Amino acid sequence: MTVAAPIQPPKPEAVSSAKRRIRRADEGPARPVAGRRRAGFVMFLSILPFLVLVFLFSYFPLYGWIYSLYDYRPARGLSGSEFVGLQWFELLVGSPTQVSQIAQVMTNTLAMSFLGIATSVLPLAFAVFLNEIRSTWFKNIIQTLTTLPNFISWVLVYMIAFSMFSTTGLVNTVLLDSGLITIPMKFLDTDQNIWLTMTLWSIWKGLGWGAIMYLAAIAGIDQSLYESAKVDGAGRFQTMWYITVPQLMPTYFVLLLLSIANLLNNGMEQYYVFQNAFNRNTIQVLDLYVYNVGITGNSLSMATAISMLKSIISVILLLSVNALAKRVRGSSLI
Amino acid sequence: MTTLAQPLTRIREEKGSYAFKAVNYLIFATFAVLCAYPFYYLIINSISANDISALGDVRWWPMGIQLENYVQVFNLPGLPQAALVSIGRTVLGTAATVMASAFLGFMFTQARLWKRQFWYRVIIVTMYFNAGLIPVFIIMKTLGLTNNFWVYILPFIVQPFNIILVKTYVESMPDSLQEAAEVDGANIFQIFFRVMLPNMTPILATVAIFSAVAQWNSFQDTLIYVTDQSLYTLQFLLYMFINQAASLAAAAQQAGGNLGSVASAATQQTATSIRMTVSVIVVLPIIFIYPLFQRFFVKGIMLGAVKG
């Protein structure tokens, strides 16, 4: 696989001619204003069905937040459900069992997110060290094989984990056969080191893919930087550390900020498939908790209240890191 | 002194360099094997004799090769239907999102479009917020989309990210293309279908491959919105097969029962053989089209870095 240079922004002449075209479309006397307006409206009508879809699936659910103020029972509908005001929110901070449960869920969520952030240098390191390998075919094979796990589902990752690490899995059979252990080790049915194993699976799945963006950035580094460093007598590690790494920092910074914005959004799929009776307590991140409370536990209103708080905090986080990015690097993320 | 010292440091540096190279190659090779071996393991187990694979003895190469599993697995209750659902959502969902992304991406480059900037932002901003799992679930229920095949298609049609990709691509195409068609008197839809669409193929291929993979791999929507077994996908069925040993044993019996006593120990379905075979069926299309997306995904990910 070859890594293409980053897509270049449109050439200046293309931009200026696009501007010319817009100006002509806006001011040009070629067509009567009314006809142009009508054409614009017809175009709007043609995209309207898609806007309806966006409204239905992205904006209309915001109206669903109202369910957090009711004791919603699907069978009775919203009108038949009791209005309870802020009861669910009070319960979240008032009931001791609820508070301790939420505290555990938040600990899991933040622990996994911070482990994710802590290991976010790995794709960068992967790219920097892979770049030191001269053999193109070796590089290609490495990239092909390490990117593959990114394209399989978490269900299949779990299947792989199951066939490797269950009590009858490969690792245990090999260890048993070699006489190193006499009873199978429980890698999956345990609450030990869940945060760590979840992070390791994320790395297994995402490392090769995560490196692609950095490899593309490396391909775009001006070669004269390396040549002049060589003339100045810089060694391998010096060029890696003083030239390659600093050139990748802007990309790293952007991804870091985005992962901070996504602190609460671990997603639920990975944790759902790995979840079992033994590890429930330490694997339950916020997204999974919302699912467990709302769908499995059938308290839709409570889960809506939690969903809603999570969404609001996430948007605030995103706007904050965006403001930070604007201040630090002069351009916003979104 | 200096003349002597210089060659010495160079030699030392080269030695260090060899050590570095060796370690570097070794680490990458190890990680690549860790990434690839599990896939190989699934494949060799699915084609080995089932009585050997059930013991976990198939580790390096297939033993007692047989392909019977791939026939028998389709006798599993629900599997042919799940395969149809998975293929159906992948084909339909991909076609729908490709067409929608192409059309919207193109339309949002048109200055004449009424309130263009406003509507564009209305769509793009949905990338940055989410009402939450449960509110979306309630709305889907209200819209009658739970236990409905269309829940796999409709929510995925408009993808802001894909629209940005296409829009950026159209903006980089020469204006003369559209201008020439306008001079010839083509209306906006003719321009889109006859002139722009055929020229967008590279970016649409990127969109198609990413969305096909996402559709094929999707698991969460079945989990949340679907309880009707006839709408289960292959991913969902695989998840059930891994977790529900009891139902799997029953399924194995039923699948074996269809062949009666003909089934020998090597081809008698076991929990392991079913899991491995279904896994390979789920992963094979991905591996199969993998060389295709290698050509496109770097382009996709880099374009994605361009913000709306």
Test for B:L113: is it part of a loop (DSSP other than H, G, I, E, B), surrounded by 18 or more Cβ atoms within 10 Å (Cβ to Cβ) and at the interface with chain A (Cβ under 9 Å from one of its Cβ atoms) = yes
Counting only residues that are hydroxyl-bearing (S, T, Y) and over 19 Å from A:I66 (Cβ atoms), which one in segment B:116-146 is surrounded by the fewest Cβ atoms within 10 Å (Cβ to Cβ)?
-> B:Y128
Is one or more of the residues making up segment A:151-163 more than 7 Å from chain B (Cβ to nearest Cβ) and modelled with pLDDT under 90?
-> no
Checked segment B:67-116 for anything of a type in the set (F, W, Y), over 30 Å from B:T270 (Cα atoms) and free of Cβ contacts under 8 Å to residues at least 60 places away in the same chain; matches are B:F108, B:W114
The lone exception for A:K230 - which of (1) among the basic types (K, R); (2) in contact with an Asp or Glu (Cβ under 9 Å, 6 or more places away or on another chain); (3) more than 25 Å from B:F28 (Cα to Cα) it fails | (2)
Residue match in segment B:65-79 (condition: within 13 Å of another protein chain (Cβ to nearest Cβ), assigned to a helix (DSSP H, G or I) and among the hydrophobic types (A, V, I, L, M, F, W, C)) = no
Please verify whether segment B:165-181 includes one or more residues that are buried (at least 21 other Cβ atoms within 10 Å of the Cβ) and part of a loop (DSSP other than H, G, I, E, B).
-> no
Does segment A:170-189 contain any residue that is within 10 Å of chain B (Cβ to nearest Cβ), in contact with a Ser or Thr (Cβ under 9 Å, 6 or more places away or on another chain) and surrounded by fewer than 17 Cβ atoms within 10 Å (Cβ to Cβ)?
-> no
Would a scan of segment A:93-107 turn up a residue that is farther than 30 Å from B:W119 by Cβ, outside any helix (DSSP H, G or I), within 14 Å of chain B (Cβ to nearest Cβ) and at pLDDT below 90?
-> no
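Select from segment B:183-224 the residues that are in a helix (DSSP H, G or I) and hydroxyl-bearing (S, T, Y) and list them in ascending order.
B:T201, B:T206, B:S211, B:T222
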Top-ranked residue of segment B:124-142 - restricted to ones that are over 24 Å from the mean Cα position of the chain (by Cα) and within 8 Å of another protein chain (Cβ to nearest Cβ), ranked as farthest from A:I312 (Cα to Cα) | B:K141
Might you check whether a residue that is free of Cβ contacts under 8 Å to residues at least 40 places away in the same chain, within 19 Å of A:A305 (Cβ to Cβ) and part of a strand (DSSP E or B) occurs anywhere in segment A:72-88?
-> yes
May I ask you to verify whether A:L258 is modelled with pLDDT of 90 or more, on the phi < 0 side of the Ramachandran plot and surrounded by fewer than 17 Cβ atoms within 10 Å (Cβ to Cβ)?
-> no
Out of all the residues in segment A:167-190, which are touching a helix residue (DSSP H, G or I) at 6+ places or on another chain (Cβ under 8 Å) and either within 12 Å of A:F274 (Cβ to Cβ) or not assigned by TED's automatic domain parsing to the domain that holds A:M112 (or both)?
-> A:F187, A:L188
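Please go through segment B:38-55 and give me each residue that is assigned to a loop (DSSP other than H, G, I, E, B) and within 13 Å of B:V278 (Cα to Cα), ordered by number.
Listed by number, the list holds a single entry, B:I47.
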Do we have any residue at all in segment B:166-187 that's under 17 Å from B:A214 (Cβ atoms) and either more than 10 Å from chain A (Cβ to nearest Cβ) or in contact with a strand residue (DSSP E or B) (Cβ under 6 Å, 6 or more places away or on another chain) (or both)?
-> yes
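The values are calculated or read from the model by the stated rules, or taken from the named source; none is laboratory data. Just so it is clear, the model here is predicted, and its values are computed rather than measured. Because the Cβ atoms are built from the backbone with ideal geometry, glycine has one as well, and the counts that use them run over all protein chains shown.
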